[in-house]
Amino acid sequence: MLTSFIEGLLCCLTSKSTNVVVPVETSEPADGFEFVEVKPGRVLRVRHIIPERPVVEEPTGQGGSYSCKRKITVYRNGQLYIENLGDRASGETKHYQNGDTEPNSTVEVELTDSAAGDTSAQMEQSQQPRRRRRKPKRTVIIDCERKISACKGTHSDVALFFIHGVGGSLDIWGSQLDFFSRLGYEVIAPDLAGHGASSAPQIAAAYTFYALAEDIRLIFKRYARKRNILIGHSYGVSFCTFLAHEFPEQIHKMVMINGGGPTALEPSLCSIFNLPTCVLHCLSPLLAWSFLKAGFAQQGAKEKQLLKDNNAFNVSSFVLRAMMSGQYWPEGDEVYHAELTVPTLLIHGMHDKFVPIEEDQRMAEILLMAFLKVLEDGSHMIMMECPDAVNTLLHEFFLWEPATIPPPKKETKTRPETAKTQHDSTKATDLAKVRPATARQASPNCIKEERSGS
């Protein structure tokens, strides 16, 4: 603590930043580590593992598909209205568009057709009639078909991308990288700029969301396969969402671990990270203790060792301040997330003090196809606290595929025959009901004739 205070004081006096992070001095890849220059002077460390495995081609016709149909309407007061449309509702979508390419400018969402007549009568009687139609600010129609299949470690066209958040490094994924590489998966995990062993430019503009997202985009284009699965943690979830929007055909599945709600990013004006860098450096021991208390369900010697071994929350004060102030992403709102059609698994640690569970629940509601799993024994760093449970959830999700629904054409062919059979059986039943009645009517005559003959 005293050392940090003295270094921070010298930083204020000399106007120089302290504890600058520089990349590891190496020129050749070792233990699966590579150094990629995404821009001149901007080098990222990437762990890339391609295990030796028998190549198994994906059989054609495997997996299942699901229909992605929804209508997203945003009104000028900020209200969001989402309709998940089925096959029956597709005609309603065309009716709203009135045959035009662009959606209709007026859509009625508050009133139903059955109550329209009664409401109109009440409006005529009312002295202050209310408006029945509102003009939407924006309307988005999604209509596509996605095919989802199981992603096994023996499939050469599958790649797993692991993206960490603020203060982390690729080392926090150590358990996941080892587990899935042993199963035969190709894994890719980069260090963000200023984190781990990546270069740390001494300019705040190098740590904005758009600068980091461009780095991740270049890394993805370099290592991407046909079917790619994104796994993000905390701030890294935003970069996964960005990639899912940029490359919807290449992103097969996505995993969000304690990623928060579907809200646009905007830096807080009243935050401790707005303090000068030298002051943050003086407070670095306190910040590390606060992160340990909020990021882990238990704060013992084991958790402290995990932070040390996995190089978590070990960034310079300058990088930390620039990362927090650079989280500006106005496009990443609820509409942006609602447009995603990628199947998504959300994992939340019950004891997470950074991300409330309500935010992940809201994310699950906005996404088209999402599965929320809550682990009671974990917190924000759940992949380090409960690696076995997280690995099991991830592997089950990778192998998951939607159930194949038989085509409805076969049913339509059998319906006329079934209807005809039912009609014939009904007719036969009616005849059977008539015959006993006829016999009962004829029996008195027979009795009379016998009596007369006697």
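By its C-alpha gyration tensor, with a ≥ b ≥ c as the square roots of the eigenvalues, how is region 318-377 shaped: rounded for a/c under 1.5, else prolate for a/b larger than b/c, else oblate? Here region 318-377 falls in the oblate category. Amide H contacts of L372: L346, each under 5 Å away and 5 or more positions distant or on a separate chain (H built 1.01 Å from N in the peptide plane; Pro and chain starts excluded). The phi torsions of region 331-337, fed into the Karplus equation with coefficients 6.51, -1.76 and 1.60 and a -60° offset, translate into couplings of 6, x, 8, 5, 5, 4, 6 Hz, rounded to whole numbers, with Gly and Pro shown as x. For the residue pairs K71/K253; K39/K253; K226/K308, the C-alpha atoms sit more than 31 angstrom apart in K226/K308.
Considering only alpha-carbon pairs that sit under 8 angstrom and 6 or more positions apart, the relative contact order computed for region 153-198 is 49 percent.
Between S290 and K221, the distance separating the two model label sites (each 7 Å from Cα on the Cα→Cβ line) works out to 3.9 nm.
Rounded to the nearest Hz, the phi-derived 3J(HN,Hα) couplings of region 174-186 under the Karplus curve 6.51 cos²θ - 1.76 cosθ + 1.60 (θ = phi - 60°) are x, 5, 6, 5, 5, 5, 7, 5, 5, 7, x, 7, 7, where x marks glycine and proline. Taking every C-alpha pair closer than 8 Å and separated by at least 6 residues, the mean separation divided by the residue count of region 247-373 gives a relative contact order of 44 percent.
Ranking L345, A264, Y210 by Cα position along the charge dipole of region 208-357, where only Lys, Arg, Asp and Glu carry charges on their C-beta atoms, puts L345 farthest toward the positive end. Annotation: amide H of W400 within the under-5 Å range of C151, sequence separation 5 or more or interchain, hydrogens built in the peptide plane. With viscosity 0.890 mPa s and temperature 25 °C, the Kirkwood radius over alpha carbon pairs of region 219-344 converts through Stokes-Einstein to a diffusion coefficient of 147 µm²/s. Distance from the Cα centroid of region 248-324 to that of region 163-228 is 15 Å (rounded to whole angstrom).
Give, as a single signed number, the net charge of other residues whose beta carbon lies under 12 Å from the beta carbon of N314, with Lys and Arg counted +1 and Asp and Glu -1.
On the way: positive: K308; negative: D171, D191, D309.
Here the count lands on -2.
In the context of the full set of protein chains, region 238-392 has a per residue accessible area of 43 Å² (1.4 Å probe).
From largest accessible area down, sort T263, T73; use a 1.4 Å probe on the protein chains. Walk me through the numbers on the way to the answer.
Values: T263 85, T73 0 Å².
In descending accessible area the options line up as T263, T73.
Annotation: amide H of R225 within the under-5 Å range of A159, sequence separation 5 or more or interchain, hydrogens built in the peptide plane.
Between D377 and A150, what is the FRET efficiency for a Förster distance of 41 Å, r being their Cβ-Cβ separation, to the nearest 0.05?
Details: r = 28 Å, r/R0 = 0.68.
That gives a FRET efficiency of 0.90.
Computed from backbone phi with θ = phi - 60° and the Karplus coefficients 6.51, -1.76 and 1.60, the 3J(HN,Hα) list for region 136-148 is x, 6, 7, 9, 10, 10, 10, 8, 8, 10, 10, 9, 10 Hz; x is used for glycine and proline.
Translational D (Stokes-Einstein, µm²/s) of region 239-302 at 4 °C and 1.567 mPa s when Rh comes from the Kirkwood sum over C-alpha pairs? It diffuses with D of about 84 µm²/s by this estimate.
The values are calculated or read from the model by the stated rules, or taken from the named source; none is laboratory data. Just so it is clear, the structure is predicted and the values come from calculations on it, not from any experiment. We place every Cβ from the backbone using ideal geometry, glycine too, and count neighbours over all the protein chains shown. Note: accessible area is taken over every heavy atom of the protein model, side chains too, but ligands, DNA and RNA are not part of it. Shrake-Rupley method; radii C 1.70, N 1.55, O 1.52, S 1.80 Å.
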